[in-house]
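A short worksheet on the structure shown next.
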Amino acid sequence: MNRLVLLLVAITLGMFVQGRAVLATPSTGATVERPGELRLSHAAPTVEALIARLLHALKARDAEALERLRITESEYISFFLPGAAKPGQKPKVYPDEVNEFAWGMMDTKSRYMAAALLGRFGGHEWTVHEIEYAKARYPTLWYEVWPNPELLVEDEEGRRDMIELGSIVQVDDQFKFMSFSSD
């Protein structure tokens with residue numbers, strides 16, 4: 001019991017370091033290979049297409065469409081979490097409890113942020129004027145991360161605003177949001 005409590009505290013305090021998942025010591029002996037061809041559900045073919053889908057979902061105030069732009073629990077646990085290792089390192093395998101806890105934390109934050117985005121930006125026709133990223137794109141073992149895009153947008157009435165988002169992930173020619181929360 002004490003080991004589990006310590007593990008959960010360690011995860012909570014150090015969930016992300018420099019945008020990369022740092023959770024717990026991976027299981028020893030367990031291995032996982034990158035799938036040869038991974039098709040992400042509802043992935044966009046470009047970052048621009050992903051952003052266009054985001055703006056369409058906001059205009060329509062469509063929470064389900066917004067949710068489809070984000071990676072799923074299955075994608076996160078089976079692909080993104082093991083593939084978060086640095087290039088050249090081995091994929092990381094974590095116990096189910098760690099996988100579920102990490103997903104739960106990210107999922108909860110993302111859902112709250114999605115609701116906030118719908119509340120603040122929903123129902124308007126937004127045009128993107130500029131996209132900036134918190135830092136340069138970087139590779140992981142199995143995918144590339146486009147950290148925390150910030151969209152300078154303008155609505156149909158000429159009102160300008162900034163939409164701050166969580167990281168975008170790229171797997172081959174597929175793009176999705178890792179999370180809508182930027183922390």
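The values are calculated or read from the model by the stated rules, or taken from the named source; none is laboratory data. Being a predicted model, the structure only gives us computed values, none of them experimental. All Cβ positions, even for glycine, are placed from backbone atoms using ideal geometry, and neighbour counts span all protein chains on display.
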Using the structure shown, decide if residue 42 is modelled with pLDDT of 95 or more and assigned to a loop (DSSP other than H, G, I, E, B).
yes
Counting only residues in the stretch 121-146 that are hydrophobic (A, V, I, L, M, F, W, C) and farther than 17 Å from residue 91 by Cα, the one surrounded by the fewest Cβ atoms within 10 Å (Cβ to Cβ) is identified as 136
Can residue 66 be described as touching a strand residue (DSSP E or B) at 6+ places or on another chain (Cβ under 6 Å), at pLDDT 95 or above, assigned to a helix (DSSP H, G or I) and closer than 23 Å to residue 134 by Cβ?
no
Listed by first then second residue, the pairs whose first member lies in the stretch 30-55 and is on the phi > 0 side of the Ramachandran plot, whose partner is assigned to a loop (DSSP other than H, G, I, E, B) and modelled with pLDDT of 85 or more, with beta carbons under 8 Å and at least 6 positions apart or on separate chains, are 42/69
Within the stretch 117-136, work out how many residues are modelled with pLDDT under 95 and either of a type in the set (Val, Ile, Thr) or in contact with an Asp or Glu (Cβ under 9 Å, 6 or more places away or on another chain) (or both).
2
In the stretch 155-182, what count of residues is obtained for those that are assigned to a loop (DSSP other than H, G, I, E, B) and over 21 Å from residue 60 (Cα atoms)?
5
Restricted to the stretch 80-91, and to residues that are out of contact with any Phe, Trp or Tyr (no Cβ under 7 Å at 6 or more places or on another chain) and either free of Cβ contacts under 8 Å to residues at least 40 places away in the same chain or assigned to a loop (DSSP other than H, G, I, E, B) (or both), which residue is nearest to residue 38 (Cα to Cα)?
91
Quick check on residue 57: is it among the small types (Gly, Ala, Ser) and at pLDDT below 95?
no
Taking the stretch 92-120 only, how many residues are in a loop (DSSP other than H, G, I, E, B) and either surrounded by fewer than 19 Cβ atoms within 10 Å (Cβ to Cβ) or basic (Lys, Arg) (or both)?
3
